[in-house]
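Colleague: Have a look at the structure that comes next, please.
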C-alpha cells in the first residue's frame, strides 16, 4: 500500500501548482458495515473542485481505500461532488461514484453519499462523509462513515 500511496502523494505535491486554488489531497479513515458486521477502512483521495458562483461548487476525486480485513485489496474509486458553501469555511456536498472490487471474487459497486468539510486554516480542512454502497451480484449493500484531514492547493 505504501508503494502506491507515497508516490501518488509526492506526484500530486509536485503537480499541484498548475491546478490553481481548488486542488486537494486527503487522508481518511473510518468504519464500513454490512449485515451486522463492521470493519475499519482507510485511504487517500485527490480531487479538484470548481466554483459555480459564490455559493456552489462541483468537483471530482479519485481515491484508493482499503478495508482492514484479511483478503481485501485496495479499491479505487472515481466520485463526482456537488455542493454548497455554507459560510466562508464550511462546505456541504452530495457525492456519487463507482468503486472497484474490494476482493478477488467481488465486483465493483456504485455509491451515493453526503458530507461536510470545515476549514481549519486557509489550506487545511477536516471532513466527515457518509456513503452507501449499493448491492450487486457479489456484493451486499454496505455503509461507510469516514473522517479525514486534507490540504487544498
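The values are calculated or read from the model by the stated rules, or taken from the named source; none is laboratory data. Just so it is clear, the model here is predicted, and its values are computed rather than measured. Quick reminder, even Gly has a Cβ in these numbers, built from the backbone with ideal geometry, and neighbours come from all protein chains shown.
Colleague: Tell me the residue from 74, 62, 41, 69 that is touching a residue at least 40 places away in the same chain (Cβ under 8 Å) and either over 12 Å from the mean Cα position of the chain (by Cα) or surrounded by fewer than 17 Cβ atoms within 10 Å (Cβ to Cβ) (or both), please. Walk me through how you get there before you give the answer.
Modeller: Working: 62 fails: touching a residue at least 40 places away in the same chain (Cβ under 8 Å); 41 fails: either over 12 Å from the mean Cα position of the chain (by Cα) or surrounded by fewer than 17 Cβ atoms within 10 Å (Cβ to Cβ) (or both); 69 fails: touching a residue at least 40 places away in the same chain (Cβ under 8 Å).
Among 74, 62, 41, 69, only 74 is touching a residue at least 40 places away in the same chain (Cβ under 8 Å) and either over 12 Å from the mean Cα position of the chain (by Cα) or surrounded by fewer than 17 Cβ atoms within 10 Å (Cβ to Cβ) (or both).
Colleague: Can you tell me how many residues in the range 133-152 are loosely packed, with under 15 Cβ neighbours inside 10 Å and assigned to a strand (DSSP E or B)?
Modeller: So in the range 133-152, the residues loosely packed, with under 15 Cβ neighbours inside 10 Å come out as 134-138, 140-141, 147, 149.
Subsequent filtering for residues that are assigned to a strand (DSSP E or B) retains 147, 149.
Residues in the range 133-152 being loosely packed, with under 15 Cβ neighbours inside 10 Å and assigned to a strand (DSSP E or B): 2 in total.
Colleague: Filter the range 84-127 down to the residues that are surrounded by 15 or more Cβ atoms within 10 Å (Cβ to Cβ) and not in a strand (DSSP E or B), then identify the one that is modelled with the highest pLDDT.
Modeller: 100
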